[in-house]
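Here is the structure we will look at.
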Amino acid sequence: MAAATAGGGACAQALFGRCRGSGPGLGARGWRRTMGLRRLLLRYYPPGIILEYVQDGEPKTRPIDLLDLSPDTDVIALVEEIQKGEPLITASCKEYVINLVRRLQEKLGEQEDHKFYLFKVLRAHMLPLTNVAFNKSGSRFITGSYDRTCKVWDTASGEELRTLEGHRNVVFAIAFNNPYGDKIATGSFDNTCKLWSTETGKCYYTFRGHTAEIVCLSFNLQSTLVATGSMDTTAKLWDIEKGEEVVTLRGHSAEIITLSFNTTGDRIITGSFDNTVAVWEVVTGRMLHTLIGHRGEISSAQFNWDCSLIVTGSMDKTCMLWNAMTGAHIATLTGHSDEILDVCFDYAGQRIATASADGSGRVYNAETRKCIAKLEGHGCEISKICFNPKGNRILTASSDKTARLWDAATGHCLQILEGHSDEIFSCAFNYKGDIIITGSKDNTCRIWH
């Protein structure tokens, strides 16, 4: 059973029974009566357990992140440590939770030697593609295009399910509201963002207010807001239930080309051609920090899973690491000889990957900030890089018309995905990590199993 949670991950399985007791009252009898654990959900990526409980009659969830879990972790000691800080995990639950964590451990320790094969070539649009994106489970994906439409596809069959029509210019930025996946947002060069139903294709709202092209967008994990970034130098937050603008984020002096919420949804970052990244408080729209240090335009910016770090990539050939709470510069990751076009954390936030116009990728340890692997072999620039959910594989998309699969620990190239006849600018894994989609300037999208 895949379940969406406030923890932000799709869960592998809902686990019932044996752990339904109430949490201890911490000295307050009333809490014991009003707060009780209903069930536990196992989250494989990133490793964690989601607690489903009832408080004062209201169903709630909260995650226990186990980002440092490894095959060598002492599970009993770990669960005892969890118990100290989590009143819902009672003594009667202990053995059950130990078994759950061991299942996570087994999943992390599984060896894989998955070879990807071309499943289908989709001649998706009449005009060039702009972006591709999966829903959380990987059962659906979407494509945006210069033909002013977004198409929804069934991953298993490769069939087109529906076309989202209504924009008056290029559909450039696209996203599902993962982990739920029931809504799609499209950002266009017509200066508007539209919100759609995944199942019916109905347009719920058209968000108007930007005065120039929308080039990036993102939902928060709680699926209450969508953020849009524009060439008009502003970002806007929109309430997806009411269809209203919540706040405009003003402060950049040039175009905003990347934005990202943190997992808890209380912060958002925007990266701009003014060489800075801004950290904003979501509730008020107040700018908390400006990350100053890059000497070139920002290409990419992202929070790690536990919201403690921000990574930024720039046209100045460097990647920088920042303290997300204070805005302090932590480190500059160097080594590339040309512009950095994309950066990302793995799910657990332990590794950082960079993609560069110099045709190479690099992998850094987020804690030591040391380069642990170089991804070398592409003949042209790499425009997109991403980890698989498990974090042990990296996928790159290049203008050399290929995508490559790499071992994240060694940098060894495991597979070259060939067949596109033009530059590949977009690539993605599904949640299980066993399906890849690639989008190319040859107007096709390829599904690899």
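The values are calculated or read from the model by the stated rules, or taken from the named source; none is laboratory data. Because the structure is a prediction, the values reported are computed rather than measured. Neighbour counts run over all protein chains shown; Cβ positions are idealised from the backbone, glycine included. Protein only, heavy atoms only, side chains kept; ligands, DNA and RNA dropped before computing areas. Shrake-Rupley method; radii C 1.70, N 1.55, O 1.52, S 1.80 Å.
Looking at the structure I just gave you, is Gly144 small (Gly, Ala, Ser), open to solvent by less than 10 Å² (accessible area, probe 1.4 Å), closer than 20 Å to Ile437 by Cβ and out of contact with any Cys (no Cβ under 7 Å at 6 or more places or on another chain)? Against the criterion (small (Gly, Ala, Ser), open to solvent by less than 10 Å² (accessible area, probe 1.4 Å), closer than 20 Å to Ile437 by Cβ and out of contact with any Cys (no Cβ under 7 Å at 6 or more places or on another chain)), Gly144 does not qualify. Looking for something assigned by the TED database to the domain that holds Ala175, outside any strand (DSSP E or B) and in contact with a Pro (Cβ under 8 Å, 6 or more places away or on another chain) - is there at least one such residue anywhere in segment 321-336? Taking every residue of segment 321-336 in turn, none turns out to be assigned by the TED database to the domain that holds Ala175, outside any strand (DSSP E or B) and in contact with a Pro (Cβ under 8 Å, 6 or more places away or on another chain). All of Asp316, Asp338, Asp346, Asp342 fail the test of being in contact with an Asp or Glu (Cβ under 6 Å, 6 or more places away or on another chain) and acidic (Asp, Glu), apart from Asp338.
Please verify whether segment 298-311 includes one or more residues that are farther than 27 Å from Ile382 by Cα, in a strand (DSSP E or B) and assigned by the TED database to the domain that holds Ala357. No, that holds for no residue. What residue, among those in segment 36-74 that are touching a helix residue (DSSP H, G or I) at 6+ places or on another chain (Cβ under 7 Å) and polar (S, T, N, Q), is nearest to Lys94 (Cα to Cα)? Within segment 36-74, the match that is nearest to Lys94 (Cα to Cα) is Thr73. Every listed requirement among (1) outside any loop (DSSP other than H, G, I, E, B); (2) open to solvent by less than 10 Å² (accessible area, probe 1.4 Å) is met by Lys384 save one, (2). Answer yes if at least one residue in segment 114-135 is under 30 Å from Met35 (Cβ atoms) and of a type in the set (D, E, K, R), and no otherwise. Taking every residue of segment 114-135 in turn, none turns out to be under 30 Å from Met35 (Cβ atoms) and of a type in the set (D, E, K, R). Across segment 401-449, the qualifying residues are those that are in contact with a Cys (Cβ under 6 Å, 6 or more places away or on another chain) and without any contact (Cβ under 8 Å) to a residue 40 or more places away in the chain, and the one among them that is surrounded by the most Cβ atoms within 10 Å (Cβ to Cβ) is Ala403. Within segment 52-81, the set of residues being of a type outside the set (D, E, K, R) and touching a strand residue (DSSP E or B) at 6+ places or on another chain (Cβ under 6 Å) comprises Tyr53, Val54, Gln55, Thr61, Pro63, Ile64, Leu66. Here Tyr180, Tyr146 are screened, and the one residue that is free of Cβ contacts under 8 Å to residues at least 40 places away in the same chain, in the same structural domain as Asn443 (by the TED database) and aromatic (Phe, Trp, Tyr) is Tyr146.
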